[in-house]
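The values are calculated or read from the model by the stated rules, or taken from the named source; none is laboratory data. Here the structure is a predicted model, which means the values were calculated and not measured. Note: ideal-geometry Cβ built from the backbone for every residue, glycine included; neighbour counts use all protein chains shown. Side chains included, ligands, DNA and RNA excluded: accessible areas come from the protein's heavy atoms. Shrake-Rupley method; radii C 1.70, N 1.55, O 1.52, S 1.80 Å.
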Amino acid sequence: MSRNNFTAVPDVVWELPNLETLDLTSNLKLEKLDVQIQNMDSMRELILDACPALQEPPLAVTTMGLGAIKEYYKALSKDQGLLVPSLTVGIIGASFSGKTSLVQSLKAGQRKLTFRQEGSDDDETTVVFGNETLKLDRIDIRVIDFGGNDVYHPAYQCTFQSNFLPILVVDIKRFQSLSMLCSPTKAVRRLCFDWMSHFYTANPTLGPALLVLTHKDQLDNPEQLDEQIDILTSTCEILRSKVVKKAESSNTCGTQGCINYFNNIANPLFNRTRIFTLGSDDKVDQLELMLKCINSFASEKLEFLPLKWLKIMNEIVDLEEPYTKLTVLEELYGDRAASHIVLRLMHKSGLAVWYEDSEPEISSLIFHQFSSIRGFVRTLFNHNHLKKWEQRINDYELNDLDCTMTQAEYEGHVLKYNRTALISEPLLIQVLRDEPELPVHISLALMRKFHLIHGPITNVGDPHSRLVVPHFVVPYFATSYHDDSWECDGEIRLRADFSLEGPLSLPRYVYHQLTVVLMQLLCNDQSAPLAVRNGAKVHHGGYTTYLVHHYHESRITLQVSTSVEKLHESWRALRHSMLVIKRHIERHWRGVVPTAIFFCGSCLLRQASKPEPTVNPFWIMQDKLQTQCGGSDVTYCLTEAQDVPVALCNPCKSMCS
């Protein structure tokens, strides 16, 4: 029943008691299902992909599966429902592009400007992300103003959701200057595509973005505005066509790596009706048009929710504390399993954060005030990093009852952190205490969940070099780099690349996340991890794993350098690391395709200039390794044109079990 024009499922379907699978894919006008779905006891699978008009049940409920859909109709059968807006507006763009001024102008209905001097520390515009409420035609719309400095990017991930309207803010004067200094293509990449990647690589089903061009009054003359708009939009189309064709040529994974908005090249990336221009002395017409456009999007993103669900959701959101215990929601609802469905809906709708698959410190909590998350992120991630630490050193009071370090010890820990990206446990605990909204252990758990830090560790770099006190690794602030020595390290080297293909490149901070993912996977009490700006190194005792980022080439390298005696453990480490990184990208960054390329170990041993590659080897594509050792113990290497030991080219089950 896919690809029809149903607005509702025909009644006859609900008269088929033995129906097991119902595929309603691409019914573009389908608005609702039916309460009778509760009686379909034999149904095992309901497919609702590409049904954008569906309001009952909401998209966020359908993605939870058939059980959640039945629970939704169970709640409706006991109570009435109400249509509510589900849209969140996300405003993104470079620092000083005018994002905060735009938010304030939309709220006021007239042009409002905010000012900040470059290099200033704390003011109204410098935050990780700001939350505002926009009231339109009796509809409240949540607006997130994302901080433009790249130090804040790692925090964006806690706000991603499906019903999201991206607004890209571009300083048109800066675009003109960059176009003249570099090229229009580089200007579009830097000011448009690199920012859109934050949203669309994480949520590739998002719809079209609005484009707001600011600082038009700073152009040399008004006639240049239309010219610059033409240059920007035409360059976007040229660049878009190139990246989409490149991504499609390498994508064999279906929807993974397909960004709907980008791949649909029949429609312009930025329709002229979705482009707005602002200056310092604008009249209200552009703002009015923008508000009407946002209101139109919001009217298309309505969800029909049971009143009981809405009541509980509102009670949670209205709590004064920054977080509440999961048991509170379970008691409010009276049904543990059903309350979890409501909470997942809140998480998917951006009303709360619940990490149900995380460590107990945070899986038992609901975070419903994003300001608390913003606060703890800013303890380490601040756009004026060094100045902030200088201020903390000056403000440190030894007579504070919570202080556990002398002034000299405190300053020494700070200097070491700024030099090595290793923050001592006493120093980290001390600064987290300055953010009283969240207890220290909860802040630490959230930082680990965001993959911002790894630790605590007692060895770093060298397994024989123990730290006096435990430390945490913060890869984002690493200053040193891998040199080329890693390529020749070890008697035997097992090496593989992940090519990360897609219409848009992964944001840079994701590479730092992958460093933490790898450390969390591999490290134990005996390991000695070391983070560098472009990757990491982890000593395990007998072998070493390297992670090397090639950001500008959209790929990463994993290598295990080992002795012959540790070959089995090394295969296990390489395969496990590759599987975990592959799954992490496929789960969180569906707008890119991770393609594995393994390089022949014999070629690396002989230091061949071009080692033989194997794309997506069987031992990565299958979760469980079925191949047993046996038969011939050699294989053929095309590069070397000779037989080589199979143990240098493929693992067997006994190696990776």
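General observations
- Residue that is farthest from Pro154 (Cα to Cα), among those in segment 175-201 that are buried (at least 22 other Cβ atoms within 10 Å of the Cβ) and small (Gly, Ala, Ser): Ala187
- Within segment 579-597, if we keep just the residues that are assigned to a helix (DSSP H, G or I) and in contact with a strand residue (DSSP E or B) (Cβ under 6 Å, 6 or more places away or on another chain), the residue that is farthest from Asn263 (Cα to Cα) turns out to be Lys582.
- Condition broken by Glu359, with the remaining ones in (1) touching a residue at least 40 places away in the same chain (Cβ under 8 Å); (2) open to solvent by 50 Å² or more (accessible area, probe 1.4 Å); (3) on the phi > 0 side of the Ramachandran plot; (4) of a type outside the set (A, V, I, L, M) satisfied: (3)
- Odd one out for Thr277, checked against (1) at pLDDT below 90; (2) buried (at least 16 other Cβ atoms within 10 Å of the Cβ): (1)
- Set side by side, the residues Phe193, Phe129, Phe115 differ, and just one is modelled with pLDDT under 85 and in contact with a helix residue (DSSP H, G or I) (Cβ under 8 Å, 6 or more places away or on another chain), which is Phe129.
- Within segment 397-406, the presence of a residue that is closer than 26 Å to Leu59 by Cα, in a loop (DSSP other than H, G, I, E, B) and either of a type in the set (Ser, Thr, Tyr) or at pLDDT below 85 (or both) is excluded.
- The conditions of being touching a helix residue (DSSP H, G or I) at 6+ places or on another chain (Cβ under 7 Å) and in a strand (DSSP E or B) are not met by Leu504.
- Residues located in segment 333-384, provided they are assigned to a helix (DSSP H, G or I) and small (Gly, Ala, Ser): Ala337, Ala338, Ser339, Ser363, Ser371, Ser372, Gly375
- The residues listed here are Gly455, Gly412; of these, the one that is at positive phi and without any contact (Cβ under 8 Å) to a residue 60 or more places away in the chain is Gly455.
- So Thr614, is it more than 33 Å from the chain's Cα centre (by Cα) and either at pLDDT below 80 or surrounded by fewer than 18 Cβ atoms within 10 Å (Cβ to Cβ) (or both): no
- Flag for Asp137 being farther than 17 Å from Leu213 by Cβ and either open to solvent by 50 Å² or more (accessible area, probe 1.4 Å) or at pLDDT 90 or above (or both): yes
- Per-region count, segment 455-494, residues surrounded by 19 or more Cβ atoms within 10 Å (Cβ to Cβ) and under 20 Å from Val151 (Cα atoms): 7
- Members of segment 560-572 found to be touching a helix residue (DSSP H, G or I) at 6+ places or on another chain (Cβ under 7 Å) and in a helix (DSSP H, G or I), listed by number: Leu567, His568, Trp571, Arg572
- Exactly one residue out of Ser371, Ser339 is modelled with pLDDT under 85 and more than 27 Å from Arg419 (Cα to Cα), and it is Ser371.
- Near pairs, Cβ below 7 angstrom, 6+ apart or cross-chain, from segment 166-180 (of a type in the set (Lys, Arg)) to any residue that is open to solvent by 20 Å² or more (accessible area, probe 1.4 Å): Lys173/His215; Lys173/Gln218
- Being closer than 20 Å to Met313 by Cβ and free of Cβ contacts under 8 Å to residues at least 60 places away in the same chain holds for only one residue in Ile366, Ile373, and it is Ile366.
- A single entry from Val244, Val212, Val188 fulfils the requirement of being modelled with pLDDT under 95 and among the β-branched types (Val, Ile, Thr): Val244.
- The set of residues in segment 550-559 that are assigned to a helix (DSSP H, G or I) and not aromatic (Phe, Trp, Tyr) comprises His552, Glu553.
- Annotation note: of Thr324, Thr379, the sole residue that is over 18 Å from Gly130 (Cα atoms) and of a type in the set (Ser, Thr, Tyr) is Thr324.
- Residue check for Ile373: over 25 Å from the mean Cα position of the chain (by Cα), surrounded by 17 or more Cβ atoms within 10 Å (Cβ to Cβ) and not polar (S, T, N, Q): no
- Residue, nearest to Thr159 (Cα to Cα), within segment 580-599, restricted to residues that are open to solvent by 10 Å² or more (accessible area, probe 1.4 Å) and aliphatic (A, V, I, L, M): Val580
- Residue in segment 291-312 that is under 19 Å from Ile139 (Cα atoms), of a type in the set (Phe, Trp, Tyr), open to solvent by less than 30 Å² (accessible area, probe 1.4 Å) and at pLDDT 85 or above present: yes
- Test: residue in segment 495-510 that is surrounded by 21 or more Cβ atoms within 10 Å (Cβ to Cβ) and over 20 Å from Ala596 (Cα atoms): yes
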